[in-house]
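Shown next, in structure tokens, is the structure this report addresses.
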Amino acid sequence: MPELPEVEIVRQSLNRQVKNRKIINIQVNNRNLRLKVPKDFEQIFKNAVIEKIQRKSKYLILVFNNNLYCVIHLGMSGTLHFMGLKKKTTNLSFYGSQSLPKKHNHIIFRFKNFKLIYNDPRRFGFFKILKNKSDYLRFFTRIGPEAISKEFNKTYLSKILKNRTKNIKNLLLDQKLVSGLGNIYVNEILFQAKINPFKKSYLINLDENKRIVKYSKIILKKAIHF
């Protein structure tokens, strides 16, 4: 599953290509993703202009000129691809294949000179419409601070470690407490910090706390600038 650095790479690619571009139309080939694609999805975003592309944790957010938001989660196997007029495709991530099996092309956004294709063999990803800023803010209250952010610091980590009996690996994987991390990066952070992943969270001392925060930021920033 793509984690924070992989999703940020996709955001940067989208920002270069679709910012300030108008969607001509949308083709939905399969609505049965993790969340069912709404019946009015195509009509809502037809002729809408993408003003900016944001990322929160592992979510991509397309922000439109009509005050709508489209939240995208890639799930386990979702990828976004550009297809130009000459049918050449580009995978927006730095991982994955360039091949694009048509049966897994579930959503196609058509712009003036290219298409943006969502491909997802396992269909665990989703597209969610948020119709105003209040809905947007409410949706993201469920996730904790990103491990790469200044809010994720020794004070915050001490607070969430206190009296928690789950092991430190599972705590860092809990998106309600710390967002953006998955199995790969948590394993690497704890390895570099020389902390047993099965150590109970409430037993993590101050020095270990500082090492978790330090290596979280070092490893994630390095991955984003790969």
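The values are calculated or read from the model by the stated rules, or taken from the named source; none is laboratory data. Keep in mind that this is a model prediction, so the values were computed, not measured. Because the Cβ atoms are built from the backbone with ideal geometry, glycine has one as well, and the counts that use them run over all protein chains shown. Just the protein is used for accessible areas: all its heavy atoms, side chains included, with ligands, DNA and RNA removed. Shrake-Rupley method; radii C 1.70, N 1.55, O 1.52, S 1.80 Å.
Summary of computed values
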{"read-out": "Residue within the stretch 165-173 that is open to solvent by 50 Å² or more (accessible area, probe 1.4 Å), free of Cβ contacts under 8 Å to residues at least 24 places away in the same chain and farther than 29 Å from residue 138 by Cβ present", "value": "no"}
{"read-out": "Some residue of the stretch 94-107 being in contact with a helix residue (DSSP H, G or I) (Cβ under 8 Å, 6 or more places away or on another chain) and at pLDDT below 95", "value": "yes"}
{"read-out": "Failed item, numbered, when residue 223 is tested on (1) modelled with pLDDT of 95 or more; (2) within 23 Å of residue 5 (Cα to Cα); (3) not in a loop (DSSP other than H, G, I, E, B)", "value": "(1)"}
{"read-out": "Qualifying residue in the stretch 1-9 (condition: part of a loop (DSSP other than H, G, I, E, B), more than 28 Å from residue 220 (Cα to Cα), out of contact with any Cys (no Cβ under 8 Å at 6 or more places or on another chain) and open to solvent by 50 Å² or more (accessible area, probe 1.4 Å))", "value": "no"}
{"read-out": "Odd one out for residue 140 among (1) within 30 Å of residue 18 (Cα to Cα); (2) buried (at least 18 other Cβ atoms within 10 Å of the Cβ)", "value": "(2)"}
{"read-out": "The stretch 46-63: number of residues that are at negative phi, in contact (Cβ under 8 Å) with a residue 60 or more places away in the chain and open to solvent by less than 10 Å² (accessible area, probe 1.4 Å)", "value": "1"}
{"read-out": "Candidate set: the stretch 64-82, residues that are within 20 Å of residue 30 (Cβ to Cβ) and hydroxyl-bearing (Ser, Thr, Tyr); chosen: the one surrounded by the most Cβ atoms within 10 Å (Cβ to Cβ)", "value": "79"}
{"read-out": "Selected residue (only one of 150, 133, 86 is over 21 Å from residue 48 (Cβ atoms), among the basic types (Lys, Arg), modelled with pLDDT under 95 and out of contact with any helix residue (DSSP H, G or I) (no Cβ under 7 Å at 6 or more places or on another chain))", "value": "86"}
{"read-out": "Qualifying positions in the stretch 143-155 - open to solvent by less than 70 Å² (accessible area, probe 1.4 Å) and without any contact (Cβ under 8 Å) to a residue 60 or more places away in the chain", "value": "144, 145, 149"}
{"read-out": "Residue, surrounded by the fewest Cβ atoms within 10 Å (Cβ to Cβ), within the stretch 13-43, restricted to residues that are among the basic types (Lys, Arg) and closer than 17 Å to residue 115 by Cα", "value": "16"}
